[in-house]
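What follows is one structure encoded as structure tokens, with my remarks underneath.
The values are calculated or read from the model by the stated rules, or taken from the named source; none is laboratory data. These numbers were taken from a predicted model, which means no experiment stands behind them. Here the Cβ positions follow ideal geometry from the backbone for every residue, glycine too, while neighbour counts run over all protein chains shown. Quick note on the areas: whole protein, heavy atoms, side chains included, nothing else; ligands and nucleic acids left out. Shrake-Rupley method; radii C 1.70, N 1.55, O 1.52, S 1.80 Å.
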Amino acid sequence: MSEFPTLYTTTAVNEDGLTGQAYVPDGLKVAVASPLQPTPGTNPEQLLGLALSTCLNATLEAIEKEHQQPHQSRVVTTVKMARDQYGYQFFVDAAVTIPEVDQPTAQYWLTIAEQRCPVAKLLGDSTSVTIHLAD
């Protein structure tokens, strides 16, 4: 457990697997479905991509504000699923755009954001995750 005080706690529940519903008690409810089937619903790949894009861009927004810049950053996260020797594996690519500053400054801000963003910290050491400035 962390030595720091907890600021927020949430609980996510899935009782149905890949076909049915996942939910946050007294909150968000989403239909879930396999990305390999035509059934409507979201899937872990989409949720992972949204988590990284949202958290990293919110962190970049705070950095932009610290430097008196308007919020213009954008994070586009692509999640691919492939088979590996044990089953499946995700490959995550987050492409970041920070148009209001030059490339060295954008890279510096992205480095700071990766150190601050909880989702980036969680995923950052994985060899199947890439976070970079967009070309």
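What the table below lists for this structure:
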quantity	calculated
Where labels lie 7 Å past Cα in the beta-carbon direction, separation of Leu28 and Asn14 in nm	1.3
Environment charge of Ala106, counting only residues whose C-beta is closer than 11 Å and scoring Lys/Arg +1, Asp/Glu -1	-3
Residues whose placed amide H lies under 5 Å from that of Leu133, excluding near-sequence neighbours	Val96
Tilt relative to the chain, helix 103-116 - C-alpha long axis, 0 to 90 degrees, to 10	50
Of the chymotrypsin sites (Phe, Trp or Tyr not before Pro) in segment 12-100, those whose Cβ has at most 11 other Cβ within 10 Å and which sit in DSSP loop	Tyr86
Unit charges on C-beta of K, R, D, E only; dipole of the chain, Debye	200
Net charge over other residues, Cβ less than 14 angstrom from the Cβ of Gln68 (K, R count +1; D, E count -1)	-3
Sulfur and carbon atoms: percent of accessible area, the chain [1.4 Å]	55
Counting DSSP beta bridges with both ends in the chain, the antiparallel % (nearest 5)	75
Cut-off of 10 Å, at most 16 other beta carbons, DSSP loop: longest stretch of the chain lacking such GluC sites (Glu not before Pro)	16-99
Furthest towards positive pole of dipole, Cys117, Gly87, Ala62, structure part the chain, Cβ charges	Gly87
³J(HN,Hα), Karplus 6.51/-1.76/1.60, whole Hz, each residue of segment 88-93, x for Gly, Pro	10, 9, 9, 10, 10, 10
Calculated [θ] (222 nm, deg cm²/dmol) that DSSP helices of n ≥ 4 give over the chain, each run adding -39,500 (n - 2.57)	-10500 deg cm²/dmol
Normalised contact order of the chain, rounded percent, pairs of Cα under 8 Å and 6 or more residues apart	17
Cα-based helix-to-principal-axis angle, 44-66 vs the chain, degrees rounded to 10	20
Accessible area per residue, Å², the chain with all protein chains present, probe 1.4 Å	68
